[in-house]
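Just so it is clear, none of the values below were taken in a lab; they were calculated from the coordinates. Owing to the predicted nature of the structure, the values given are computational and were not obtained by experimental measurement. Quick reminder, even Gly has a Cβ in these numbers, built from the backbone with ideal geometry, and neighbours come from all protein chains shown.
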Amino acid sequence: DTEVTQTPKHLVMGMTNKKSLKCEQHMGHRAMYWYKQKAKKPPELMFVYSYEKLSINESVPSRFSPECPNSSLLNLHLHALQPEDSALYLCASSHFRVEGVGTDTQYFGPGTRLTVL
Amino acid sequence: AQSVTQLDSQVPVFEEAPVELRCNYSSSVSVYLFWYVQYPNQGLQLLLKYLSGSTLVESINGFEAEFNKSQTSFHLRKPSVHISDTAEYFCAVKAGYSTLTFGKGTMLLVSP
């Protein structure tokens with residue numbers, strides 16, 4: 001099973017709202033990722049968690065706040081977003097190799113389509 | 001640093017015709033290569049990958065890709081496409097401890 005689930009599928013929020021995106025996997029992966037994808041563009045990496053610790057933050061604005069409560073769950077908390085933050089938000093997971101160079105094949109969820117009004 | 005180039009932003013093709021989607025990469029170290037497919041309004045699905053071993057890798061739905069180290073390429077091919085293959089295809093590379101780097105994508109448009 002290579003399934004990553006994301007909820008909600010669609011989200012519409014105002015600029016003053018607070019909302020959260022949720023991602024879940026049960027493949028025993030210890031690395032989880034958040035990507036942002038604009039229309040007709042490749043995904044852009046936002047955050048990487050390895051063993052529930054934030055290991056990469058690609059200079060993402062603080063209005064995006066990730067959280068990894070356990071090895072299966074990844075959240076993205078949203079606050080005071082801008083209309084330009086409207087995009088497809090993708091979660092992915094992979095094995096994490098501590099020793100050597102890992103293949104880290106990433107498996108993606110279906111995404112949350114976010115619209116900021 | 002690594003990079004991926006997908007020269008064709010869009011490839012129109014008729015149903016049952018063969019297709020090749022081109023992908024070239026650059027890296028100073030050994031790489032792992034991936035093709036992902038994204039159907040409209042969906043997430044990315046892993047289509048196939050090259051990690052090591054045989055340079056020709058195949059997917060369950062008839063696509064194949066060949067790793068060519070001398071030409072630094074990983075082109076995706078299918079001998080006969082279906083309407084349902086219409087999608088965006090992303091080539092991606094991972095080298096060493098770096099994160100996954102995606103190409104800009106190629107939209108495959110299959111018409112009857």
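Taking the condition outside any strand (DSSP E or B) and either closer than 23 Å to A:LEU45 by Cβ or in contact with a strand residue (DSSP E or B) (Cβ under 9 Å, 6 or more places away or on another chain) (or both), does B:VAL93 pass? Step through it out loud before you land on a result.
Values: outside any strand (DSSP E or B): no; either closer than 23 Å to A:LEU45 by Cβ or in contact with a strand residue (DSSP E or B) (Cβ under 9 Å, 6 or more places away or on another chain) (or both): yes.
Answer is no for this residue.
If you scan the range B:17-47, which residues turn out to be within 11 Å of the chain's Cα centre (by Cα) and either under 15 Å from B:PRO79 (Cβ atoms) or β-branched (Val, Ile, Thr) (or both)?
B:GLU20, B:LEU21, B:VAL37
Evaluate the following for A:SER50: is it crowded, with 20+ Cβ neighbours inside 10 Å, under 30 Å from B:SER52 (Cα atoms), hydroxyl-bearing (Ser, Thr, Tyr) and in contact (Cβ under 8 Å) with a residue 40 or more places away in the chain? Break it down into steps so the answer makes sense when it comes.
Values: crowded, with 20+ Cβ neighbours inside 10 Å: no; under 30 Å from B:SER52 (Cα atoms): yes; hydroxyl-bearing (Ser, Thr, Tyr): yes; in contact (Cβ under 8 Å) with a residue 40 or more places away in the chain: yes.
No, not satisfied.
Quick check on the range A:74-90: of everything there that is aliphatic (A, V, I, L, M) and out of contact with any Cys (no Cβ under 7 Å at 6 or more places or on another chain), which residue is nearest to the other protein chains (Cβ to nearest Cβ)?
If we take residues in the range A:74-90 being aliphatic (A, V, I, L, M) and out of contact with any Cys (no Cβ under 7 Å at 6 or more places or on another chain), then A:LEU90 is nearest to the other protein chains (Cβ to nearest Cβ).
For residues that are more than 8 Å from every other protein chain (Cβ to nearest Cβ) and either under 13 Å from the mean Cα position of the chain (by Cα) or surrounded by fewer than 16 Cβ atoms within 10 Å (Cβ to Cβ) (or both), tally how many sit in the range B:93-106.
4
List the strands (runs of 3 or more DSSP E) that sit entirely inside the range B:15-55 and contain at least 3 residues that are among the hydrophobic types (A, V, I, L, M, F, W, C).
In the range B:15-55, the matching strands (runs of 3 or more DSSP E) lie at B:31-38, B:44-50.
For the range B:37-59, indicate whether the set of residues that are away from chain A (no Cβ under 12 Å) and within 28 Å of A:CYS23 (Cα to Cα) is non-empty.
Checking the range B:37-59: at least one residue is away from chain A (no Cβ under 12 Å) and within 28 Å of A:CYS23 (Cα to Cα).
Check the range B:56-68 and report whether any residue there is outside any loop (DSSP other than H, G, I, E, B), surrounded by 21 or more Cβ atoms within 10 Å (Cβ to Cβ) and of a type in the set (Gly, Ala, Ser).
Among the residues of the range B:56-68, at least one is outside any loop (DSSP other than H, G, I, E, B), surrounded by 21 or more Cβ atoms within 10 Å (Cβ to Cβ) and of a type in the set (Gly, Ala, Ser), which makes the answer yes.
What number goes with the only condition from (1) within 28 Å of B:TYR50 (Cβ to Cβ); (2) touching a Leu at 6+ places or on another chain (Cβ under 7 Å) that A:PRO42 does not pass?
(2)
If you check A:SER50 against the conditions, is it within 13 Å of chain B (Cβ to nearest Cβ) and either in contact with a His (Cβ under 6 Å, 6 or more places away or on another chain) or aliphatic (A, V, I, L, M) (or both)? Walk me through it before giving the result.
Working: within 13 Å of chain B (Cβ to nearest Cβ): yes; either in contact with a His (Cβ under 6 Å, 6 or more places away or on another chain) or aliphatic (A, V, I, L, M) (or both): no.
Judged against the criteria, A:SER50 is not a match.
Hey, among B:SER59, B:SER73, B:SER54, which residue is out of contact with any Pro (no Cβ under 7 Å at 6 or more places or on another chain) and free of Cβ contacts under 8 Å to residues at least 12 places away in the same chain?
Just a single option satisfies the conditions, and that option is B:SER54.
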